[in-house]
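Chemist: The structure is given below, and queries will be raised subsequently.
Readers should treat all values here as calculations from the given coordinates under stated rules, not as data from a laboratory. Here the structure is a predicted model, which is why all the values come from computation and not from measurement. Backbone-built Cβ (ideal geometry, glycine too); neighbour counts: all protein chains shown.
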Amino acid sequence: MADPQYQNQKAYEYGKALGLCGKGQAALVHGNYKEAFDAFEEAMKLENAEAMFFIGVCCELGMGVNVNHELAKECYSLGSQYGSINAKQAIERINQNGFWPATDQTRQNFRNALKMQIEIQGNAAMMNRNFNNSNQSNSTKDYGACPNCHGTGRCTMCAGRGEWKDNNGIYHDCSICHGGGQCPSCHGSGKLR
């Protein structure tokens, strides 16, 4: 039988790491790089896989820390081993296309994409909560236009192109729609059901 005190400690650490990772993401979106890096670093010590990914991004783009591609790749590798899909995709991107350029534009692009992702997750949670609170069991109810794409069905990050061009003229898959061009909330339908 597992030690209940040990299990409680691990649950506390897991929750604390999630909170720190969320704090770091919010700080990153607002351009508070040092605060973000410090939060991710503390969450990484608690073995949070997404914090490992974000430390890698900070090292790759020079946010709150000097650019260090070697350390970035190490963090992505560690995050991937701990189960971060984002970290795994970062390693694949680096192996195929190299590192992102550590420019103000790339940092801003990443912050915008992260902000959009946070908004999408928040909207999805709110919709799920509203759906669960409704008394209707009809799963085909039409809830109207998708609030993320405003009914267009296109990814708002890349305007439905599925890609973005960096300062060197190299095209990359959109990090929100993963190259598909469709809104990730409504899957291109423009409506939520």
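Chemist: Under 10 Å from the Cβ of Ala17, count the other residues' Cβ atoms, weight Lys and Arg +1, Asp and Glu -1, and hand me the total.
Modeler: -2
Chemist: Using 22 Å as the Cα-Cα cut-off, could you pick out the over-long pairs in Lys88/Lys191; Lys34/Lys73; Lys10/Lys88; Lys16/Lys45; Lys10/Lys34?
Modeler: The pairs that break the limit, which is 22 Å between Cα atoms, are Lys88/Lys191; Lys10/Lys88; Lys10/Lys34.
Chemist: Follow-up. Provide the gained length on full extension for the span Gln5 to Gln108, in nm with one decimal, where the gain is 0.36 nm per separating residue minus the Cα-Cα distance.
Modeler: Full-extension gain reported as 32.7 nm.
Chemist: Now for a different question. Testing the spin-label approximation: label points 7 Å from Cα along Cα→Cβ at His172 and Arg93. State their distance in nm.
Modeler: Spacing of the two 7 Å Cα→Cβ label points: 0.4 nm.
Chemist: Restricting things to Cα coordinates, could you compute the convex hull volume per residue of region 11-123 in Å³?
Modeler: In region 11-123, the Cα convex hull volume per residue is 95 Å³.
Chemist: Compute the distance in nm between two label points, each set 7 Å from the Cα along the Cα-to-Cβ direction, one at Glu35 and one at Arg161.
Modeler: 3.2
Chemist: Among residues other than Leu28 whose Cβ falls under 15 Å from its Cβ, what is the net charge (Lys/Arg +1, Asp/Glu -1)?
Modeler: For residues surrounding Leu28, the net value is -3.
Chemist: Relative to the present Cα-Cα distance, how much length would full extension add between Glu119 and Leu71 at 0.36 nm per residue of separation?
Modeler: Value of the extension gain: 14.4 nm.
Chemist: Tell me which residues come under 5 Å, amide H to amide H, from Met63 once H is placed; ignore anything under 5 positions away on its chain.
Modeler: Amide H neighbours of Met63: none.
Chemist: Pull up all non-local amide H partners of Gly181: gap of 5 or more, or a different chain, and H-to-H distance under 5 Å with H placed in the peptide plane.
Modeler: Gly162
Chemist: What is the gain in length, in nm to one decimal, between His150 and Leu18 on full extension, counting 0.36 nm per residue of separation less the C-alpha to C-alpha distance?
Modeler: Here the segment from His150 to Leu18 would lengthen by 44.5 nm.
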